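Structure first, then comments.
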Amino acid sequence: LNYFVFSGRFMKLIFLEEVDSTNEYLKRVEFCHGLCVVAEKQTGGKGRRGKKWISEKGKGLYVSFMFSPISYQIASLSSLAFGVAVLNVLKTLDKRFYLKWPNDIYINGKKISGILPELLSDRLIIGIGINLNYTRDELSSLEVPATSLFAEKIPFDKHSILDKLILEVENYYELLKKKAFNVKEFEKNCPLIGKEVSVIEEHKQFNGIALGIDTNGCLVVEVEGKIRRLFSGNVSIRL
Ligand code: BTN
């Protein structure tokens, strides 16, 4: 990775052999806008809602991007926009990838990639993990059924994935800045929409029909005839 030439326009890259978490690393640096950090291994990889993210050496892509200053508008839709960015990259390898609101990427009913956005005053950190070389066994103990490109027998090149990812992330950041990101782009790649879903929100569970995603990025669910808008932070969804 040290000799990696990439096509990004404004990102600056830092490669690390090992780090606690690429998100935490970016919280510690002073200068920030357009910084991207990639690690071979994380000793404290973090997932959403306080979970761990499996981060063994060379088995995944562990990368975080920093944008600053950032407006509330960009921050609120960033989960969805960067989810589409990652999806576009993976779709160049196989068309069967899809999104699960708010920002997971799935194939064959199993999760292959997740995004951890963190907003600290006006800094936005977008952490992206993609499972590359894990075997089914190595992923079998995770809470959510998970998979990797290797386990799905999808050939890939790590450098090319990272190169495309940087470009896509730059593109979607520009779209967000111009207020030109359309949530429909997410919706049409999210098979959850139109289906009955089970929602766990702050330890309470309820069933409803996922109607769509509103312009703020909330999932709109009909529950017993009433409309509820779910924010991504504390919700877990099952089909
Ligand atoms: C999730 O789906 O729960 C989000 C997973 C995010 C994982 C990535 S790996 C790079 C970055 N650093 C972290 O500690 N987490 C994110």
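Taking 0.36 nm per residue of sequence separation and removing the Cα-Cα distance, the SER236/SER141 pair yields an extension gain of 32.3 nm. Net charge in the neighbourhood of GLU40 (other residues with Cβ under 12 Å of its Cβ; Lys, Arg +1, Asp, Glu -1) is +1. Computed with a 1.4 Å probe on the full set of protein chains, the accessible area for LYS12 sits at about 110 Å². Placing a pseudo-label 7 Å from each Cα along the Cα-to-Cβ vector at LYS27 and GLU224 gives an inter-label distance of 3.8 nm. Of all the options LEU99, LEU142, LEU124, the one that moves most in a Gaussian network model of the chain with Cα springs shorter than 10 angstrom is LEU142. Summing charges over all other residues whose Cβ lies under 9 Å from the Cβ of GLU152, with Lys and Arg as +1 and Asp and Glu as -1, gives +2.
Helix content alone sets the calculated 222 nm mean residue ellipticity of the chain: runs of n ≥ 4 DSSP H residues at -39500 (n - 2.57) each, divided across all residues, give -7000 deg cm²/dmol.
Relative contact order of the chain, please, whole-number percent, based on alpha carbon pairs below 8 angstrom and at least 6 residues apart. Don't jump to the answer; show the numbers that get you there.
Working: 470 pairs, mean separation 40.2, N = 239.
That works out to 17 percent.
Would you mind calculating the relative contact order of region 1-110 from Cα pairs under 8 angstrom and at least 6 residues apart, reporting the percent as a whole number? This gives 19 percent for region 1-110.
Local charge sum around GLU138 (other residues, Cβ-Cβ under 11 Å, Lys/Arg +1, Asp/Glu -1)? Cβ neighbours under 11 Å give a net charge of 0. All Cα-Cα distances of region 97-234, cut into 5 Å bins from zero to the largest, leave 2, 8, 14, 20, 20, 16, 13, 6, 1, 0 percent in each bin in turn.
The values are calculated or read from the model by the stated rules, or taken from the named source; none is laboratory data. Fair warning: this is a prediction, and the values are worked out from it, not measured in the lab. As a convention, Cβ positions derive from the backbone with ideal geometry for all residues, glycine included, and neighbour counts pool all protein chains shown. The area values use the complete protein model at the heavy-atom level, side chains included, leaving out ligands, DNA and RNA. Shrake-Rupley method; radii C 1.70, N 1.55, O 1.52, S 1.80 Å.
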